[in-house]
Every structure is written in C-alpha cells, then in structure tokens.
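Chemist: Take a look at the following structure, please.
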Amino acid sequence: MDYNLTEKNNELKTDLIHVRNVLNDCESKMSFSTNDELLDNIDSIIEQIDNKTFTVSVIATIKAGKSTFLNALLGNEYLPSSNVPETSNLLFIRNSEETLLQKNKEVIKGITNIKNEIAERNRNDRENGVNIHNKYTLFVPYEKLDSLKNLNFQFVDTPGPNESDVPSLKNEVEKILKVSDVIIYLMDYGKLNSTDESELFSTISTIRKDLLSDIKSKVFFVVNKMDNKNTNSLNEEETINFVKEQLKKQLKIDSPNIYCISAENALLAKMIKNKNYKRIDDIGRKAFGDFGWSDDDTEDIKVSKLTNIILEKFIEKSGVPRLEDKIINFIVSNSESLFYESIVSKVVNIIQEIKNVFSTKKN
C-alpha cells in the first residue's frame, strides 16, 4: 500500500481511538449512555485498518442462485439454498484456516451445524421480523487468497434490493454497499430474455440513486445458470451484449463488467474434490448423462469415474475461476485507493452517528 495512504489510514485510526476514548469517558464521567453498536462500529473500522480487509458484497435477483454462488466460491455447501429467498439478513464471510460460524459471541462448528443455524436464522427473521443486531460471521478457508498474504477479503451476503423491505435492514444493506470495494450483482440467465426483463434490471434502481451513481464503477454484473442454455438460447456473447444494452438503456451504465457463469457446476465439482459426496449423483448425471451414470453404483465406483480431469474441466468451464481472478486483480490493482476510500466512507458514517447521539442527548 502506498506510504502516504498508509500514513493517512493510521492517522484515522489514531483519531478513531481518541473518539472511542472520549465516548467511554462520557459514559463513565457524565452518565452519558452511548450506543454499544456505535462503539462496535468504531472497533470494526480499527480492525479493518489493522488487517487491511477488503469487502466484496453480493446481491442478487430472487432465485438467481446467490447461495449456490457463494458456496461455489468457498468450495462446499455452507449456506442453505432453496426455492424461496434464503438471505434474510447480512452474513459476513471471512477467510480462515478453521471453519466456524460466529453468532454474536457464540461459536458453531461443523458444516451441517453451520448450514442449519443459518437456515434457522433466516426462517426466524422471515417469520418474526429481522433482528439487525444479530451479527453472523462465517470463517472458512478460501484457497484463492492463499497467495495474497498482505490482503484480507470478506464477502458479505446481502438480501437483494427487492428483498430488503425492512427499513432498518435496507439502511444496513445500503451502508454495506457504499463501503464495499467490489459488488457482485447476480442475475438468473433463465429470466434475461423473458417478459419481466425490465423488472429484472429495474430492481437495481431501487437502491438510492446517489448510491447507485457512487458504486456503479465497482459493480460486476454476473449472469448465473448458463448451464441451462440450449441451442435456442442466447450464447455467452449474445448474453453479454443483451445485458450491456439493458444496463445502458435502463440504468445509464456504460462499459459494465459482465461475466457468465454456472455456479452449480463449480460447486458440485469442488464438493467432490473436498470429499463431500452428498450430491455426487447430481454431477455424475451432468458428466455422463442419465444413461451413462447409475445412482445404484457404490460410492467408490462413482468417485472413481469422476476423475480430477473431469472435475477440473467442470470448474474451469463454469467461469467461476475467471470471475474470481478478475475481482481479485481489480482489488489488488486498486488496493491503495479502494482501501482509503472505504475507510474514509466508514469514518464519515461514524461521524454522522456520533452527531445523532449527541443531538438526541441534547434534545
């Protein structure tokens, strides 16, 4: 990171520590109650400065396969997926040697337990209302980052702009998007050329207009489920041109970053490579067809058929590795400015929160 920007970030860190101390003094000496969430946010920014953490947020249209996409990046089924919108709240995902879910201060281990806990949270949020103060962070190894020793990434799984109908949650999502270094907007290939195509792209515009203007240069538009195409469908080049035309016409976005992927194919292959054979029949039928694959074979026979060559081809042709490389290269190439802008934006939000706290006390 550029020395001048590093120095500026350290100055911001010093100022934040001072502000935190002042707020703590107000509590102890003046019986002035500050917001614990505000102090947590200050600590979070200080931690980001110390760890040089970059944020990649993922939003999607309904049923576009967001959970499958994130699972494909991570290489296993950590997040639940179903035919109903699953993401009810923010989920932070960080690279770690150990796999665990931190639920506020509680720690949950084991892939099945983690998946069940996230599913239960989503169900409770949708039935009883969203609790934005419940913070969930998933720690999981992310092999793409092994070579990047000086940079840390966190993914944020967010409810889509047409799902965040809870005002407080919508504000949280917008704050996250504003400080994100990269935003992945996932779309469903099967809906692109349908009668609701206008609605599909207009969901992005439900984000505040000023925010959309701020973030559009760092949005990667990703068309998922390309494995569903057939000879009568748009090919990859036609799909990219179609999306490009719609974004320019409806959202005034020129020269967008557009990629086509099959998240499920990447996920299925990575699951086998990680010795998770729960969905081995799904990838077997994709690889060999209904007549070349038998669900009745033993697991050993099935595993022997799915050689590393076949699995690597699935992963490569899915388009997911290419997208990952583009995103990581974008962040690495712009790390100095992205990181500083992210920190400054968060500090501005903190200043506004502090003003609100003191304004409320004054009144």
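Chemist: What number comes out for the charge environment of residue 226, summing +1 per Lys or Arg and -1 per Asp or Glu over other residues with Cβ under 11 Å away? Provide the component values of the computation, followed by the final result.
Modeler: Values: positive: 225, 229, 317; negative: 188, 227, 236, 264.
Net local charge, residue 226 excluded: -1.
Chemist: Still on this structure, please answer the following. Using 0.36 nm times the number of residues separating residue 356 and residue 227, minus their current alpha carbon distance, what extension gain do you get?
Modeler: Net length gain for the segment: 41.5 nm.
Chemist: In nm, to one decimal, how far is the residue 216 label point from the residue 288 one, both placed 7 Å along Cα→Cβ?
Modeler: 5.0
Chemist: Rounded to whole Hz and in sequence order, give me ³J(HN,Hα) for the stretch 234-241 from the Karplus expression 6.51 cos²θ - 1.76 cosθ + 1.60, θ = phi - 60°, writing x for Gly and Pro.
Modeler: My calculation for the stretch 234-241 gives 5, 7, 4, 5, 5, 5, 4, 5 Hz in order.
Chemist: In whole Å, what is the distance between the alpha-carbon centres of the stretch 42-74 and the stretch 284-348?
Modeler: So the separation of the two Cα centres works out to 16 Å.
Chemist: Within 10 Å, count the other beta carbons around each residue, average over each peptide in 11-17, 292-298, and list them highest first.
Modeler: Working: 11-17: 14.4, 292-298: 12.0.
Taking the mean over residues of other Cβ atoms within 10 Å, the ranking is 11-17, 292-298.
Chemist: Just want the answer: with Cβ charges of +1 for Lys and Arg and -1 for Asp and Glu, which residue in 333, 359, 345 is farthest toward the dipole's positive end in the stretch 265-363?
Modeler: Final value for the positive-end residue is 359.
Chemist: Quick one: Karplus J couplings for the stretch 261-274, per residue in order, coefficients 6.51, -1.76, 1.60, θ = phi - 60°, nearest Hz, x for Gly and Pro?
Modeler: Karplus-based 3J(HN,Hα) across the stretch 261-274 equals 9, 10, 5, 5, 4, 5, 4, 4, 5, 5, 4, 5, 4, 8 Hz.
Here, each number is a calculation from the coordinates, and none is a lab measurement. Not measured: the values here are computed from a predicted model. A quick note on method: Cβ atoms are made from the backbone with ideal geometry, for glycine too, and the neighbour counts reach across all protein chains shown.
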